[in-house]
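Comments concern the structure below.
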Amino acid sequence: MSLDGIQLVFDSVDPLQLSHFWSEVTGYRRAVHQDDYISLDGGGLGVAQFVFVEVPEWKTAVNRVRPDLVVADLESELARVVGLGATVSEVGELAGGRIAILRDPEGNEFTLHEQRAAAA
């Protein structure tokens with residue numbers, strides 16, 4: 001097998017708006033901008049590109065896969081992404097740390113996961 005990287009692809013009714021949100025969340029920068037296709041390049045998070053492809057309909061069901069963003073300080077990162085347009089669905093405990101389940105401006109679920117330090 002010869003894999004060269006990972007792209008995370010979002011179907012979107014407004015690729016420009018959604019790509020702007022995710023650029024602010026991740027620090028990735030726009031590499032391609034066409035009417036119905038936008039890609040953000042980065043790689044610092046282990047994903048080579050975030051890609052936004054225009055579709056005519058809004059999301060209607062729960063995501064089967066979601067980005068899980070690992071953070072050092074859940075409270076400050078939660079405040080930052082909510083300020084960018086995310087909405088909070090739930091905050092709680094998960095084995096290994098605290099977690100917040102959020103939705104981006106088009107309703108796609110993602111999580112912020114604050115992992116506990118391993119015991120010495």
Discussion item. Here are the criteria: (1) more than 25 Å from I6 (Cα to Cα); (2) of a type in the set (S, T, N, Q); (3) part of a strand (DSSP E or B). Tell me which single one T111 does not satisfy.
Written reply: (1)
Item to complete: Go through (1) open to solvent by 40 Å² or more (accessible area, probe 1.4 Å); (2) small (G, A, S); (3) at positive phi one by one and return the number of the condition G85 breaks.
Response: (1)
Item to complete: Return the residue satisfying two criteria in turn: it lies in the stretch 54-69 and is among the aliphatic types (A, V, I, L, M) and under 12 Å from the mean Cα position of the chain (by Cα), and of such residues it is least open to solvent (accessible area, probe 1.4 Å).
Response: L69
Worksheet item: Can you pull out the strands (runs of 3 or more DSSP E) entirely within the stretch 1-81 that have at least 3 residues that are farther than 20 Å from E109 by Cα?
Response: 29-34
Worksheet item: Are there any pairs with C-beta distances below 9 angstrom linking a residue in the stretch 92-114 that is within 21 Å of R64 (Cβ to Cβ) to a residue that is outside any strand (DSSP E or B) and acidic (D, E), with the two at least 6 apart or on different chains, and if so which?
Response: A100/E77; P105/D14; E106/D14; F110/D104; L112/E77
Discussion item. Any residue in the stretch 48-59 that is within 12 Å of S23 (Cβ to Cβ) and free of Cβ contacts under 8 Å to residues at least 60 places away in the same chain sitting within a Cβ distance under 6 Å of a residue that is open to solvent by less than 50 Å² (accessible area, probe 1.4 Å) and of a type in the set (S, T, N, Q)? List the pairs, counting only those 6 or more apart or interchain.
Written reply: Q49/S39; F52/S12; F52/S19
Worksheet item: Which condition does A72 not pass, out of (1) in contact (Cβ under 8 Å) with a residue 24 or more places away in the chain; (2) surrounded by 12 or more Cβ atoms within 10 Å (Cβ to Cβ); (3) of a type in the set (G, A, S), if it passes all the others?
Response: (2)
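Results for (1) within 21 Å of L102 (Cα to Cα); (2) open to solvent by 30 Å² or more (accessible area, probe 1.4 Å), shown as yes or no for each residue.
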residue	(1), (2)
L16	yes, yes
S19	yes, no
W22	yes, no
V32	no, yes
Worksheet item: Hey, any hits in the stretch 73-89 for a residue that's farther than 17 Å from I6 by Cα, over 12 Å from the mean Cα position of the chain (by Cα), modelled with pLDDT of 95 or more and of a type in the set (K, R)?
Response: yes
Worksheet item: Within the bounds of the stretch 40-53, is there any residue that is closer than 18 Å to G85 by Cα, out of contact with any strand residue (DSSP E or B) (no Cβ under 9 Å at 6 or more places or on another chain), open to solvent by less than 50 Å² (accessible area, probe 1.4 Å) and not aliphatic (A, V, I, L, M)?
Response: no
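The values are calculated or read from the model by the stated rules, or taken from the named source; none is laboratory data. What you are looking at is a predicted structure, and each value in this text was computed from that prediction instead of being measured. Glycine also receives a Cβ, built like all others from the backbone with ideal geometry; neighbour counts cover every protein chain displayed. The accessibility values were calculated without ligands, DNA or RNA, using every heavy atom of the protein model including side chains. Shrake-Rupley method; radii C 1.70, N 1.55, O 1.52, S 1.80 Å.
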